[in-house]
Amino acid sequence: MTSTAVTWLTQEAYDRLSAELAALIAHRPAMAQEINDRREEGDLKENGGYHAAREEQGKQEGRILQLQQLLRTAQVGEPPADDGIAEPGMVVTVRFEDDEDTETFLIGSREEAHTADIDVYSPGSPLGHALLGKKEGDTASYETPNGKTLSVTLISAKPFTG
């Protein structure tokens with residue numbers, strides 16, 4: 001079973017995130033200049049433009065750190081083996097207890113949702129975590145954020161092919 005500390009990404013998602021990171025880093029000097037320009041407008045206590053620029057800089061720096069961590073721990077490319085075990089990089093179909101309908105989604109990074117035409121559940125989410133390591137036919141229970149316990153049966157687990 002793959003550790004939840006590793007994030008599985010397709011090559012397309014990895015390339016897109018790498019390009020976003022490069023663009024954010026390249027934009028740092030322009031952001032610093034914007035802050036300096038706003039600082040020169042006068043009293044910092046009443047300078048809304050300065051505070052907005054600083055807030056935007058904080059958001060960008062946070063995203064840079066998030067992307068660096070994600071890309072550093074990413075497992076790129078080949079999906080996991082087609083062994084019927086739920087793990088990151090697998091498209092799983094589940095049936096909720098007392099429900100005839102099934103739900104199909106990818107266990108992976110929410111960043112993958114931008115390129116995948118499928119719902120994505122993080123391996124750290126309650127449902128994603130409950131399914132990790134389960135085999136087809138296994139039942140898992142998990143607690144929802146509102147405290148309710150739900151049970152699901154893993155119908156199938158197939159590698160994500162993009």
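The values are calculated or read from the model by the stated rules, or taken from the named source; none is laboratory data. Note that this is a predicted model, so its numbers are computed, not measured. Here Cβ is always computed from backbone atoms with ideal geometry, including for glycine, and neighbour counts include all displayed protein chains. Heavy atoms of the whole protein, side chains included, go into the accessibility calculation; ligands, DNA and RNA do not. Shrake-Rupley method; radii C 1.70, N 1.55, O 1.52, S 1.80 Å.
For the subset of segment 71-84 comprising residues that are open to solvent by 30 Å² or more (accessible area, probe 1.4 Å) and part of a strand (DSSP E or B), which member is modelled with the lowest pLDDT? Out of the qualifying residues, it is Gln75.
The residues of segment 111-162 that are open to solvent by 90 Å² or more (accessible area, probe 1.4 Å) and in a loop (DSSP other than H, G, I, E, B), listed by number, are Asp117, Asp119, Pro145, Asn146, Lys148, Thr161.
The set of residues from segment 85-110 being assigned to a loop (DSSP other than H, G, I, E, B), crowded, with 16+ Cβ neighbours inside 10 Å and modelled with pLDDT under 90 comprises Glu87, Pro88, Gly89, Gly108, Ser109.
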